[in-house]
Amino acid sequence: MITLQRQLQLLWENVLDDNSDPMTITQVAQKTGLSQQSLSNLLNGHVTDPRLNTLTKLCMAFDISLDYFGYDTEAACLHYLVEYGKVGILSPQLHSIHTEGDTLTADEKRNVLAILQWRLWGTKS
Amino acid sequence: MTESDFLTFAEQINVLFSARMHTTGRAYTLHDVSEGTGIAVATLSQMRTGRIKNPQLSTLRALCSFFQIPLRYFETRTVEECFALLQQPATDDTKLGELNEIAFRVTHLSPEAQQDILTIIRWVQTAEQRYKQGGDTLPPFPRLSRSNDDVNEEQGDDTP
């Protein structure tokens, strides 16, 4: 089960502003009208059950649907961000991965994901 | 769009109570919903009368789960929009989870590593095709931008 804190971290890490930069707390505070302290409390996990108004303001700032906060796994949140184009412009290569990957069965996707995780590990070492 | 464009929470809840029916065909009572969500009857009543205007996420999730609606229901701007959303069949938004996790994680890789992943996807597709045609051997594993042996050496034997 993904936490609200992680959902917000994913938003902050991946949704970019008009200059293709990650948004700062100050920017989000300006866009939402929420105080920087309130945003910090959400981001550091001190507030785990915000109210509808707060969520609505965050959705407007990040241009996402409230549905995002209804997903209960990280994969589902990532799916939403990729599906609605919130993770930047896809390169031709990434586009091919997305479209060709769609032809794989669920088991094959999991296998590719396992290989990818192994590859990521190799890249770090 | 601003928050004031949305229907009030009470209006949204009241549409839910009028549109979603119990399996027996009758309208849901506050008691039914309370039992199914864990939200107190008094709280539900205050929501319907508009005394509670700004519920918490956990409450919204419980209502969504009980009434089988997406959270975006609480972003509706008109009663018609509410009804339209309630008529849509529930969808499994997570069925592409693995694919999108692949696409998402790949964004953090170098172009060479991204090409490797594409090569691997194509290899899996070929292997699947061969299997469906009755073949019992896998196609040779493609050479990647970074030698497989190099990666194996660095990582020991804990490869998938």
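The values are calculated or read from the model by the stated rules, or taken from the named source; none is laboratory data. Because the structure is predicted, anything quoted here is derived from the model rather than measured. All Cβ positions, glycine included, derive from the backbone under ideal geometry; neighbour counts span all protein chains shown.
Every residue, every condition in (1) surrounded by 13 or more Cβ atoms within 10 Å (Cβ to Cβ); (2) at pLDDT 95 or above, yes or no:
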position	(1), (2)
B:S4	no, no
B:L7	yes, no
B:A27	no, no
B:A40	no, yes
B:T49	no, yes
B:P55	yes, yes
B:L60	yes, yes
B:L63	yes, yes
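If only residues of the stretch B:19-34 that are under 16 Å from B:Q68 (Cβ atoms) and part of a helix (DSSP H, G or I) are counted, the one that is farthest from the chain's Cα centre (by Cα) is B:D32. With the structure loaded, tell me whether B:R20 is free of Cβ contacts under 8 Å to residues at least 60 places away in the same chain and not hydrophobic (A, V, I, L, M, F, W, C) or whether it fails that test. No: the conditions fail for B:R20.
Determine whether the stretch A:50-62 contains at least one residue that is among the charged types (D, E, K, R), surrounded by fewer than 19 Cβ atoms within 10 Å (Cβ to Cβ) and either modelled with pLDDT under 95 or part of a loop (DSSP other than H, G, I, E, B) (or both). No, the conditions are met nowhere in the stretch A:50-62. Somewhere in the stretch A:80-91, is a residue surrounded by 15 or more Cβ atoms within 10 Å (Cβ to Cβ), modelled with pLDDT under 70, within 28 Å of A:D21 (Cβ to Cβ) and at the interface with chain B (Cβ under 7 Å from one of its Cβ atoms)? Looking for residues that are surrounded by 15 or more Cβ atoms within 10 Å (Cβ to Cβ), modelled with pLDDT under 70, within 28 Å of A:D21 (Cβ to Cβ) and at the interface with chain B (Cβ under 7 Å from one of its Cβ atoms), one finds at least one in the stretch A:80-91, hence yes.
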